[in-house]
Amino acid sequence: MNKLNNPFVIGKYVGKEYFCDRKRESEQLVHHIVNGRNVTIMSERRLGKTGLIEHVFANCLPDGYETFLIDIYTCKNLREMVYLMANEVFRKIAKKQTLVERLLNTVRSLKMTLSYNPITELPELGLGLGEIQQPETTLDEILHYLETFDNVCIVAIDEFQKIASFDESNIEALLRTKIQHLKNTQFVFAGSERHLMEGIFSDPNRPFYNSVVFMQLLPIDKNEYTQFCQHLFSLYGKTVAKELVEQLYECFRGITWYLQLSMNEAFTLTEQGGHVEIDAYEAILNHLVDSKRFTFEDRYASLTEKQKTVLMSIASVYPCDPPLTSQDFIAKYNLKTASSVQTAVKALVEKGILNDNHGVKRPTDLLFMLWLKNF
Ligand SMILES: Nc1ncnc2c1ncn2[C@@H]1O[C@H](COP(=O)(O)OP(=O)(O)O)[C@@H](O)[C@H]1O
Ligand SMILES: [Mg+2]
């Protein structure tokens, strides 16, 4: 195991040694894949969908699979998505010359140029977005190319809900038709925006209806996460109080990204051979919140008076969910009328400060909530 300076990694998958649990979910995903199903993974943001896919692709699939992962969060149309796909496919096959040659022969709609990187000694693809003139044709060619593999190809499309706002209006029908006829290529779709994902996959009037099996990702179990932290600390000759991990877990509702962020900080606070106790809790939170203070100040300043009041009332009961329609709550926080609360909440959802989870309004950024709590 290649030892990292800090074993609590944020934002990338570095290997199973640094990955907590998800055994059941990994088995489930593998099970669906080997049974030839297309899978949709949904959860709140930052809970670990992408990490799960990376983990399963890197460590859990049996031999005989070729995997590809693209994140279409920044894509606005099919052309941008196809561009990501072309690059990802190339990245995965760059080391195998016969596959590279076949790619050049199959994906003929693109003027791909190859150059050799003298340091890595690998070919590099010169492909600009502008070279994708007919994205639909190029997509057909890429899929056709994947169909020629001896291995089964698994294409994961992350932040898949973005297709709902692509420029092309028929994108769902187009993708569904193409995917439907593939024999050697399967898909994993992941997304956080529940209402958009459910719209795509669960609406009988839309093309992807009934075309996937669903997996819902929940927070990692508290005990599993605590043991994971204690184990990683011990590998470095350090110890961490169980209560500290548990209190952070409660504070962040078990959302993996915040947990990793706080444990990364807890780890840096602990000297070699040292122990970190529960009394480090405030220092850890303060550090995390403080690092974003300027962003939070700007964000807060951009709100109307009413939005500020409503947000403060939500922050003051956090981590509980605010009973926004209760008369007692409205009176206690001086929110005036239920309808004005609703207007403010709607604006906060539109600004992305709250998200709407089946009617329950929750803050999108928990560090912003903690900052507001101490405002
Ligand atoms: N099982 C895990 N163990 C450790 N860290 C994880 C695990 N799952 C996710 N992470 C980390 O948590 C953060 C959020 O995970 P991510 O997969 O990006 O969430 P999502 O895709 O659901 O938004 C990332 O920094 C990721 O590295
Ligand atoms: Mg993700």
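The values are calculated or read from the model by the stated rules, or taken from the named source; none is laboratory data. These numbers were taken from a predicted model, which means no experiment stands behind them. All Cβ positions, even for glycine, are placed from backbone atoms using ideal geometry, and neighbour counts span all protein chains on display.
Miscellaneous remarks
- Residue 164 away from ligand 2 (no atom under 16 Å from the Cβ), in contact (Cβ under 8 Å) with a residue 24 or more places away in the chain and exposed (fewer than 15 other Cβ atoms within 10 Å of the Cβ): no
- Residue match in the range 306-328 (condition: over 26 Å from residue 295 (Cβ atoms) and part of a helix (DSSP H, G or I)): yes
- Any chance residue 233 is in contact (Cβ under 8 Å) with a residue 24 or more places away in the chain and either touching an Asp or Glu at 6+ places or on another chain (Cβ under 8 Å) or part of a loop (DSSP other than H, G, I, E, B) (or both): no
- Residue in the range 283-299 that is more than 13 Å from residue 368 (Cβ to Cβ) and of a type in the set (D, E, K, R) present: no
- Among residues that are touching a residue at least 40 places away in the same chain (Cβ under 8 Å), surrounded by 18 or more Cβ atoms within 10 Å (Cβ to Cβ) and away from ligand 2 (no atom under 16 Å from the Cβ), residue 214 is not included.
- Residues being crowded, with 18+ Cβ neighbours inside 10 Å, assigned to a helix (DSSP H, G or I) and not β-branched (Val, Ile, Thr) - total across the range 251-260: 4
- Residue tally, condition within 12 Å of residue 232 (Cα to Cα) and polar (S, T, N, Q), over the range 1-30: 2
- Some residue of the range 88-105 being in the same structural domain as residue 147 (by TED's automatic domain parsing), away from ligand 1 (no atom under 15 Å from the Cβ) and hydroxyl-bearing (Ser, Thr, Tyr): yes
- Every pair of residues 6+ apart whose Cβ atoms lie under 8 Å, when the first sits in the range 71-85 and is over 12 Å from residue 171 (Cβ atoms) while the second is of a type in the set (Ser, Thr, Tyr) and surrounded by 15 or more Cβ atoms within 10 Å (Cβ to Cβ): 71/50
- Scope the range 169-217; condition within 16 Å of ligand 1 (Cβ to nearest atom) and either more than 23 Å from the chain's Cα centre (by Cα) or of a type in the set (A, V, I, L, M, F, W, C) (or both); matching residues: 188, 189, 190, 196, 197, 214, 215, 217
- Among the helices (runs of 4 or more DSSP H) confined to the range 1-107, the ones with at least 2 residues that are within 16 Å of ligand 2 (Cβ to nearest atom) and more than 30 Å from residue 224 (Cβ to Cβ) are located at 78-93.
Conditions (1) of a type in the set (Ser, Thr, Tyr); (2) within 16 Å of ligand 1 (Cβ to nearest atom); (3) at positive phi; (4) crowded, with 21+ Cβ neighbours inside 10 Å, marked per residue:
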residue: 245; (1), (2), (3), (4): no, yes, no, yes
residue: 249; (1), (2), (3), (4): yes, yes, no, yes
residue: 262; (1), (2), (3), (4): yes, yes, no, yes
residue: 267; (1), (2), (3), (4): no, yes, no, no
residue: 272; (1), (2), (3), (4): no, no, no, no
residue: 281; (1), (2), (3), (4): yes, no, no, no
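- Residue list for the range 111-163, filter: basic (Lys, Arg) and more than 28 Å from the chain's Cα centre (by Cα): 111
- Checklist (1) at pLDDT below 95; (2) at positive phi applied to residue 64, failing item: (1)
- Cβ-Cβ distances below 7 Å connect the following pairs, each with a first residue in the range 347-373 that is without any contact (Cβ under 8 Å) to a residue 60 or more places away in the chain, a second residue that is in a strand (DSSP E or B) and surrounded by fewer than 16 Cβ atoms within 10 Å (Cβ to Cβ), and a separation of six or more residues or different chains: 349/356.
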